[in-house]
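So the structure is just underneath, and the comments pick up after that.
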Amino acid sequence: MKKVKLNLKTIWLGGLVFLIPVLCFSQFSPNFQSAGSSGKGNAEITPYYANIGTGYEGERAQVFDNFGFQLGVGISDRTEIRAKYDRFSVHEFEGGMNLLMVGPKFSTESGKFAVFIPIGSNFEKDRDATWMTEPTFIFSPALGEKIHLNLSPGFLIPLSSDAGLDETFLKLNLGLAFQLKGGWIIRPEGGLMYFLQEIGDGHFYNFGLGVSKLLASK
């Protein structure tokens with residue numbers, strides 16, 4: 001694969017078109033979840049918004065508005081099935097991308113560590129689907145009785161070569177979880193994403209806000 005170099009000037013002069021093969025399979029959004037499980041028979045829903053951009057040599061430019069929705073359903077006390085839908089609207093251009101990922105999340109009994117392994121693809125009109133997986137490790141130490149830190153490093157790995165891509169991305173997301181009454185959780189989060197073999201040459205960034213609601217079974 002020809003390496004994609006991030007250059008803000010070329011993005012605004014039309015270089016974003018050159019990046020479209022990468023953008024079509026990439027999952028840029030923050031993680032917006034903690035390591036703990038919702039519990040057997042329970043569910044957690046999380047709508048969110050994130051601002052997505054790219055950075056190179058100290059300069060930044062916004063690329064996407066990301067609106068998404070996440071649903072986690074507990075199938076045991078420490079295992080969930082989670083689904084994520086993302087809609088990325090491209091700045092300065094019409095249209096955008098849709099992404100759907102689904103996979104299991106395995107939590108420890110303490111709720112401080114989890115592994116989330118979603119698989120999914122983009123789905124666009126007149127564009128072939130590109131499959132990917134995003135194994136993510138979630139660490140959630142407590143900062144207080146109602147506040148947790150969420151550190152979620154992960155890898156974005158393409159599973160198909162439809163777009164001619166063979167790059168793996170490294171994702172580093174960091175957020176907070178503020179637990180409120182009634183099962184509500186406020187989740188500010190941000191992060192960086194790098195081409196794994198070109199760390200330091202440029203990056204994608206994200207920052208956003210999610211709001212979770214825990215739905216407990218009777």
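Key figures
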{"read-out": "Some residue of the range 102-114 being open to solvent by 10 Å² or more (accessible area, probe 1.4 Å), on the phi > 0 side of the Ramachandran plot and touching a Gly at 6+ places or on another chain (Cβ under 6 Å)", "value": "yes"}
{"read-out": "Qualifying positions in the range 29-84 - touching a Lys or Arg at 6+ places or on another chain (Cβ under 7 Å), in a loop (DSSP other than H, G, I, E, B) and within 22 Å of residue 177 (Cα to Cα)", "value": "32, 35, 37, 77"}
{"read-out": "Subset tally (residues that are open to solvent by 10 Å² or more (accessible area, probe 1.4 Å) and within 28 Å of residue 54 (Cα to Cα)) for the range 69-83", "value": "3"}
{"read-out": "Pair list, Cβ < 6 Å and 6+ apart or interchain, from the range 74-102 residues that are more than 23 Å from residue 159 (Cα to Cα) and of a type in the set (D, E, K, R) to residues that are open to solvent by 40 Å² or more (accessible area, probe 1.4 Å) and modelled with pLDDT of 90 or more", "value": "77/40"}
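The values are calculated or read from the model by the stated rules, or taken from the named source; none is laboratory data. These figures come from a predicted structure and were not determined experimentally. Backbone-built Cβ (ideal geometry, glycine too); neighbour counts: all protein chains shown. Ligands, DNA and RNA are stripped out before the accessible areas are found, and what is left, the full protein with its side chains, is counted by its heavy atoms. Shrake-Rupley method; radii C 1.70, N 1.55, O 1.52, S 1.80 Å.
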